[in-house]
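Engineer: Structure in structure tokens, see below.
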Amino acid sequence: MYATKLASLLKQVKPEKEIYIFYTDIRAYGKGFEEYYKKAQTMGIKYIRGKVAELEENPENKKVILRAEDTLSRQVIESEFDLVVLSTGLQLSNSSEKIINFLKLTKSSDGFLQEAHPKYKPVDTNIEGVFIAGTAQGPKDIPDTVAQASAAAARSMVSLAQKEFQVDPMLAYVHPDKCDGCGDCLNVCPKDAIVMNKETGKAEVLEALCIGCGACLPSCSKEALDFHGYTNDQMYAAIQGVLDQKKENETRIIIFADDTCTYRVADAVGIRKMKYSEDTRIIRVPSSSRISPNLMLYAFKEGADAIILGDCVKKSSRFPWSKEMTEKSLEIVNEKLKSAGIDGRRVVFSEFSAGALNYFLNIVNGMAENLKQYERIKETQRKEL
Ligand code: SF4
Ligand code: SF4
């Protein structure tokens with residue numbers, strides 16, 4: 001649209017100029033954008049779908065010879081131009097990197113700052129009290145930037161109006177009596193929220209920095225790291241609870257559903273009364289990375305036949321590191337399952353977006369179908385875990 005805008009301005013002051021815009025795709029998505037694009041065409045600006053293949057200087061008149069293919073008419077274009085302008089994509093400014101590193105903000109896969117949630121928290125970041133607006137989040141025009149900046153200002157006013165700042169209670173914490181100060185958890189937190197207390201010699205979670213992903217918990221083999229609201233004891237009890245009623249001829253698939261995406265999609269599936277395997281039991285978790293190998297192995301030991309770990313799609317996740325960390329835990333579980341002779345395909349990780357109801361059904365029902373092909377897990381195998 002910026003190429004269209006600049007071409008229109010030039011055409012207004014110099015209507016005699018012939019202007020071409022070469023493009024691969026045009027999306028005039030905003031209010032009035034389509035009309036603006038059409039108006040540019042009526043002004044005489046020519047749009048050619050096709051990449052420019054070659055540019056060359058004409059040694060006689062110093063003009064630029066341009067060669068391109070019009071992929072709509074399938075004709076090769078060769079023409080001379082006074083000026084050729086490269087319409088480049090936008091990138092986050094280099095100086096933003098300093099702030100990103102300092103505040104430990106998260107970037108999305110396109111290199112711009114990531115919002116806490118694209119639908120529910122579009123101007124929040126994953127750090128409480130830090131908001132984003134404008135092209136820090138991605139390319140956008142002035143009206144969208146103004147709207148977003150107003151929203152960010154309003155959100156920051158809410159924070160400033162509070163006499164005390166409240167942190168989310170769902171955070172990691174350390175049981176000092178279980179912590180032996182081994183330091184295994186120290187470099188795991190993407191927000192550097194875990195430190196060693198020099199006086200006590202035990203690890204500590206800095207609550208103001210912790211954003212409650214739970215990804216640090218698998219790093220502590222002594223289970224000294226814990227999580228408010230989803231404590232180790234509560235997780236073991238929840239697993240026990242969903243397996244208690246299992247009858248001998250039944251199977252159980254446990255879905256550890258992250259709070260933001262997987263649980264919502266499962267909820268939506270339920271509300272629409274869409275059918276998925278009755279053998280499924282869902283346990284809500286802050287993120288899939290909160291589930292330690294110990295918890296997964298405990299589930300198998302106690303009677304689970306398959307586990308699905310669900311989390312948000314990385315590019316829209318509050319915790320984009322979750323997938324990578326969950327996969328590390330899966331490697332450990334797979335090794336253990338293998339040594340007990342249990343098929344490793346019984347544990348899968350999958351990314352879900354909140355609207356992907358059919359995809360959710362495919363994953364769950366697919367696992368239920370697969371279980372029919374696998375040999376049942378023997379009690380002796382479960383005991384080996
Ligand atoms: S919390 Fe666990 S991993 Fe961290 S220092 Fe203590 S015992 Fe070690
Ligand atoms: S829960 Fe996440 S943010 Fe908090 S200390 Fe653990 S890894 Fe860091």
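FYI, it's all coordinate maths here, none of it is from the lab. The structure presented is a predicted model; accordingly, all values stated were derived computationally and were not measured. All Cβ positions, even for glycine, are placed from backbone atoms using ideal geometry, and neighbour counts span all protein chains on display.
Every residue, every condition in (1) without any contact (Cβ under 8 Å) to a residue 40 or more places away in the chain; (2) among the β-branched types (V, I, T), yes or no:
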position	(1), (2)
K107	yes, no
G111	yes, no
Q114	no, no
H117	no, no
Y120	yes, no
V130	yes, yes
T145	yes, yes
A152	yes, no
S156	yes, no
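Engineer: Identify the residue in the range 219-235 that is more than 13 Å from ligand 2 (Cβ to nearest atom) and in contact with an Asp or Glu (Cβ under 9 Å, 6 or more places away or on another chain) and, among all such residues, is farthest from G181 (Cα to Cα).
Structural biologist: Ranking the candidates gives D233 first.
Engineer: State which residue is nearest to I100 (Cα to Cα) when the search covers only the range 183-193 and only residues that are in contact (Cβ under 8 Å) with a residue 24 or more places away in the chain and within 10 Å of ligand 1 (Cβ to nearest atom). Can you show your working first?
Structural biologist: In the first step, residues of the range 183-193 are kept if they are in contact (Cβ under 8 Å) with a residue 24 or more places away in the chain; the result is 184-185, 188-192.
After this cut, where a residue has to be within 10 Å of ligand 1 (Cβ to nearest atom) as well, the list is 184-185, 188.
Values: D184: 26, C185: 23, V188: 19 Å.
Result: V188.
Engineer: Now for a separate question. Determine, yes or no, whether N94 is free of Cβ contacts under 8 Å to residues at least 24 places away in the same chain and either more than 22 Å from M1 (Cβ to Cβ) or under 19 Å from the mean Cα position of the chain (by Cα) (or both).
Structural biologist: yes
Yes or no, residue by residue, for (1) of a type in the set (A, V, I, L, M, F, W, C); (2) touching a residue at least 60 places away in the same chain (Cβ under 8 Å); (3) assigned to a strand (DSSP E or B); (4) over 27 Å from A268 (Cβ atoms):
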residue	(1), (2), (3), (4)
L297	yes, yes, no, yes
T326	no, no, no, no
V333	yes, no, no, yes
L337	yes, no, no, yes
G366	no, no, no, no
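Engineer: Filter the range 221-236 for residues that are touching a Ser or Thr at 6+ places or on another chain (Cβ under 9 Å), surrounded by 22 or more Cβ atoms within 10 Å (Cβ to Cβ) and closer than 15 Å to L171 by Cβ and give the result.
Structural biologist: L225
Engineer: Turning to a different aspect of this structure: Among (1) out of contact with any helix residue (DSSP H, G or I) (no Cβ under 8 Å at 6 or more places or on another chain); (2) touching a residue at least 24 places away in the same chain (Cβ under 8 Å); (3) more than 16 Å from ligand 1 (Cβ to nearest atom), which single condition is E248 missing?
Structural biologist: (2)
Engineer: For L243, are the conditions met, namely being in a helix (DSSP H, G or I), touching a residue at least 60 places away in the same chain (Cβ under 8 Å) and not β-branched (V, I, T)?
Structural biologist: Details: in a helix (DSSP H, G or I): yes; touching a residue at least 60 places away in the same chain (Cβ under 8 Å): yes; not β-branched (V, I, T): yes.
Judged against the criteria, L243 is a match.
Engineer: Among the residues of the range 145-177, how many are within 16 Å of ligand 2 (Cβ to nearest atom) and either of a type in the set (F, W, Y) or closer than 18 Å to S219 by Cα (or both)? Show your work before the answer.
Structural biologist: Initial filter on the range 145-177 (within 16 Å of ligand 2 (Cβ to nearest atom)): 167-176.
Filter once more, so that each one left must be either of a type in the set (F, W, Y) or closer than 18 Å to S219 by Cα (or both): 171-176.
Qualifying residue count, the range 145-177: 6.
Engineer: Condition first: more than 13 Å from R318 (Cβ to Cβ) and acidic (D, E). Now tell me which residues in the range 259-273 satisfy that.
Structural biologist: Scanning the range 259-273 gives a single hit, D267.
Engineer: Restricting attention to the range 275-288, which residues are over 17 Å from S353 (Cα atoms) and of a type outside the set (D, E, K, R)?
Structural biologist: Of the residues in the range 275-288, the ones over 17 Å from S353 (Cα atoms) are 275-281, 283.
Once the filter is applied, which keeps residues that are over 17 Å from S353 (Cα atoms) and of a type outside the set (D, E, K, R), the range 275-288 yields Y276, S277, T280, I283.
Engineer: Could you check, for the range 57-65, whether at least one of its residues is of a type in the set (A, V, I, L, M, F, W, C) and in contact (Cβ under 8 Å) with a residue 24 or more places away in the chain?
Structural biologist: Kept after step one, since they are of a type in the set (A, V, I, L, M, F, W, C), are these residues of the range 57-65: 64-65.
Right, trim to in contact (Cβ under 8 Å) with a residue 24 or more places away in the chain and you get none.
No.
Engineer: Residue by residue through the range 161-179, note down the ones that are of a type in the set (D, E), surrounded by 12 or more Cβ atoms within 10 Å (Cβ to Cβ) and within 16 Å of ligand 1 (Cβ to nearest atom). Working first, answer last.
Structural biologist: So in the range 161-179, the residues of a type in the set (D, E) come out as 164, 168, 177.
Then drop every residue that is not surrounded by 12 or more Cβ atoms within 10 Å (Cβ to Cβ), which leaves 168.
None - no residue of the range 161-179 is of a type in the set (D, E), surrounded by 12 or more Cβ atoms within 10 Å (Cβ to Cβ) and within 16 Å of ligand 1 (Cβ to nearest atom), so the list stays empty.
Engineer: Which members of the range 199-209 meet the condition of being more than 13 Å from ligand 1 (Cβ to nearest atom) and not aliphatic (A, V, I, L, M)?
Structural biologist: Answer for the range 199-209, where residues must be more than 13 Å from ligand 1 (Cβ to nearest atom) and not aliphatic (A, V, I, L, M): E199, E207.
Engineer: Of the conditions (1) of a type in the set (D, E); (2) touching a helix residue (DSSP H, G or I) at 6+ places or on another chain (Cβ under 7 Å); (3) surrounded by fewer than 17 Cβ atoms within 10 Å (Cβ to Cβ), D124 satisfies every one except a single condition; which number is it?
Structural biologist: (3)
Engineer: Just checking, does the range 270-284 include any residue being part of a helix (DSSP H, G or I) and farther than 18 Å from Y374 by Cα?
Structural biologist: Going residue by residue through the range 270-284, those that are part of a helix (DSSP H, G or I) are 270-271.
Next cut, farther than 18 Å from Y374 by Cα only: 270-271.
Checked against the condition, which is being part of a helix (DSSP H, G or I) and farther than 18 Å from Y374 by Cα, the range 270-284 yields at least one hit.
Engineer: Please count how many residues of the range 214-229 are of a type in the set (G, A, S) and either more than 8 Å from ligand 1 (Cβ to nearest atom) or in a strand (DSSP E or B) (or both). So that I can check it myself, show each step before the final result.
Structural biologist: So the first thing to find is which residues in the range 214-229 are of a type in the set (G, A, S), and the list is 214-215, 219, 221, 224, 229.
Remaining after also requiring either more than 8 Å from ligand 1 (Cβ to nearest atom) or in a strand (DSSP E or B) (or both): 214-215, 229.
Result for the range 214-229: 3.
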